[in-house]
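Scroll down for the structure; my scribbles are underneath it.
The values are calculated or read from the model by the stated rules, or taken from the named source; none is laboratory data. Note that the structure is a prediction, hence the values are computed from the model and not measured. Methodologically, a virtual Cβ is constructed for each residue, glycine included, from the backbone with ideal geometry; neighbour enumeration extends over all protein chains shown. When the accessible area is computed, the model is the full protein with side chains, heavy atoms only, and any ligands, DNA or RNA have been set aside. Shrake-Rupley method; radii C 1.70, N 1.55, O 1.52, S 1.80 Å.
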Amino acid sequence: MVKGGSRGALGGRAALYGVMGGAAGHGGRLRPGGLGAFCGHDVASERETGSLTRLITSLKENVFGSHKELLKLSVPSLVYALQNNMAFVALSNLDAAVYQVTYQLKIPCTALCTVLMLNRSLTKLQWFSVFMLCGGVTLVQWNPAQATKVQVEQNALVGFGAIAVAVLCSGFAGVYFEKVLKSSDTSLWVRNIQMYLSGIVVTLFGVYMSDRAQVLEKGFFYGYTYYVWLVIFLASVGGLYTSIVVKYTDNIMKGFSAAAAIVLSTVASVVLFGLQITLSFSLGALLVCISIYLYGLPRQDTTKIQSSETTSPKERLAAV
């Protein structure tokens, strides 16, 4: 939690750039389909490559000339903004360990939204692997509670309420974005631009409300170092990559790849910074690897949006 003066302004303004990459990936996994999912180019994938003229024409048609589509993509952008703020409120009112455990509920919440919103069904083994992943990520990120020098007044009720909203927002926004991506032949990159424009507007409003005085006094880019720009760049690239994962697989697989990334980043910390491996990390990493394997076993393809007429939500949940 960053407080005070220029630091607060930097945090708010950095969020503006983070939304350009983080919105699509909030709030990111290997998946059934493998190379076939990426090789199966459709009309939309062909439209994602071409000349600068084609890009400009596409932007005119889908961004500046289609307010309806722009509003459609503003929904996940606004929900992601709400999720970020609720996560911040939750972390301010809960112990880090409690926040860490409860926030992992976004993984099964995403799976539930996938079933209900995209008319898909998951097998018992898939549901088992989803909850195993949830537990594995919790163990990997687990740190024993430590006393802090600064005592902050906390409200557990507010914290749990905020994290419940954040979890629901995470699942809904991700699946909603996936549904929009796969329900039309509009280019993936155009969809990203449509969503990020809304995110920029929302975040600029947040900067104006919270850090207006600091920005007016010291400038919008005050405090930006090469490291800050590098973090912004990596967040943006990560968000774009995540949107590709969602386009060609789905949000559940995005969750699995994010979990694998957590494990790999921790291993990198061991090599680069001498981080000590704990028993909880070892057990969590093992659960993550097993869950990825179980979820990736051959089964019915779940990357396509099925017709809502085939099965009802009750029938899909009953399959569990």
Sequence order, the stretch 166-176: Karplus ³J(HN,Hα) from phi using 6.51 cos²θ - 1.76 cosθ + 1.60, θ = phi - 60°, Hz rounded, Gly and Pro as x, gives 4, 5, 5, 5, 4, x, 5, 4, x, 6, 4
Given 0.36 nm per residue, what is the gain on full extension from Phe88 to Leu204 after removing their alpha carbon distance, in nm? 40.0 nm
Of the accessible area of the stretch 160-249, computed with a 1.4 Å probe and all protein chains kept, carbon and sulfur make up a percent value of 75 percent
For the stretch 161-176 versus the stretch 60-129, the gap between their alpha-carbon centres in whole angstrom: 4 Å
Can you give me the distance in nm between label points at Asn155 and Phe131, each placed 7 Å from the Cα along the Cα-to-Cβ direction? 3.3 nm
Inter-probe distance in nm under a simple model that places probes 7 Å from Cα toward Cβ, at Lys124 and Ala96: 4.0 nm
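For the stretch 73-150, which whole percent of the accessible surface, found with a 1.4 angstrom probe, sits on carbon and sulfur atoms? Mind dumping the intermediate values first?
Values: 2480 of 3550 Å².
Percent of accessible area from carbon and sulfur atoms in the stretch 73-150: 70.
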Net dipole in debye of the stretch 49-130 [+1 Lys, Arg Cβ; -1 Asp, Glu Cβ; about Cα centre; nearest 20]: 280 debye
Take Leu55 and Ser269, extend 7 Å from each Cα along the Cα→Cβ direction, and tell me the distance between the two endpoints in nm. 3.7 nm
